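Asks: I'd like to ask some things about the structure below.
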Amino acid sequence: MNIIVDLVNKTAYQGMDVDGLRAALEKHAIEGALDFAALASTLPYQQNAPSPGLLQRVPTSRGNESDLTLEELFTVIHWIALQEDINYPIANGKAGRKMSYYRYAEALHGVKHGTPTIEEMVPRTQFKGYPPALLHGQGMNYDFTHHIQ
């Protein structure tokens, strides 16, 4: 959930290009490594902590008091992806790290298109049991996840 808040903060509130951040997420998902100096120059934004208004939209906002740098953001995403692979191995037919990238892509789609909202996204990150269904009917494109090995 904290990553979703950070993605929404960077794009909807601090002016980072949604499509550029989505492209960086897709590259990270497939290739794993990013040039953070180049990324910072191609994805400028006003770095500020999430506003109280944004945090009020999230059921629990603990952990979202500051804005992560791009390097911090992608480092956390990397470790979350590894944990997902341990818990839900792709080799065993599970979604593994694809699950977290589904949620990140959905959050950015919500910023750009208005749905899903952050209020709808948070419960999708906190599911128990089976993961939530993908949002194909809302125009979501998950094609990049087919390249995650």
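What follows draws every value from the coordinates through simple rules; no lab data is involved. Treat the numbers as computed from the prediction; the structure is a model and nothing was measured. When we count neighbours, we look across all protein chains shown, and the Cβ atoms used for this are built from the backbone with ideal geometry, even at glycine.
Asks: With runs of 4+ DSSP H residues as the only contributors, calculate the mean residue ellipticity of the chain at 222 nm using -39,500 (n - 2.57) per run, divided by the residue total and rounded to the nearest 500.
Replies: Computed mean residue ellipticity for the chain: -15000 deg cm²/dmol.
Asks: For Lys27, go through the lysines and keep the ones whose alpha-carbon is under 26 Å away, minus same-chain ones fewer than eight residues off.
Replies: List returned: Lys10, Lys94, Lys98, Lys112.
Asks: Using alpha carbons only, how many angstrom separate the centre of segment 1-30 from the centre of segment 87-113?
Replies: Using only Cα atoms to place each centre, the spacing works out to 14 Å.
Asks: Can you match Cα Rg over 2.2 N^0.38 Å to one of these, (i) 0.99; (ii) 0.94; (iii) 1.33, based on a calculation from the structure here?
Replies: Matching the structure shown: (i).
Asks: With +1 on the Cβ of every Lys and Arg and -1 on the Cβ of every Asp and Glu, and nothing else charged, how large is the dipole of segment 2-147 about its Cα centre, in debye rounded to the nearest 20? Let's see the in-between values first.
Replies: On the way: 12 positive and 16 negative charges, 92 e Å.
Magnitude of the dipole: close to 440 debye.
Asks: Report the full-extension gain for the segment Leu34 to Ser66: residue separation times 0.36 nm, less the Cα-Cα distance, to one decimal in nm.
Replies: 9.3 nm
Asks: On to the next question. Which FRET efficiency, nearest 0.05, do Leu55 and His146 yield, Cβ-Cβ r, R0 22 Å? Present the calculation step by step, with values, prior to reporting the outcome.
Replies: On the way: r = 35 Å, r/R0 = 1.57.
For Leu55 and His146, the calculated efficiency is 0.05.
Asks: Then there is this: Tell me, what is the percent relative contact order of the chain, built from C-alpha pairs under 8 Å that lie six or more residues apart?
Replies: 30 percent.
Asks: Which residue, chosen from Leu7, His136, Leu108, occupies the Cα position most advanced towards the positive end of the dipole of the chain, where the dipole is computed from +1 (Lys, Arg) and -1 (Asp, Glu) charges on Cβ about the Cα centre?
Replies: Result: His136, furthest along the dipole toward the positive end.
Asks: Once a ≥ b ≥ c are taken as the square roots of the eigenvalues of the Cα gyration tensor of segment 104-149, is the result rounded (a/c under 1.5), prolate (a/b larger than b/c) or oblate (a/b not larger than b/c)? Kindly include the intermediate steps, with their values, before the conclusion.
Replies: Working: a/c = 1.87, a/b = 1.07, b/c = 1.75.
Oblate shape, in that a/c is at least 1.5 and b/c is the bigger or equal ratio.
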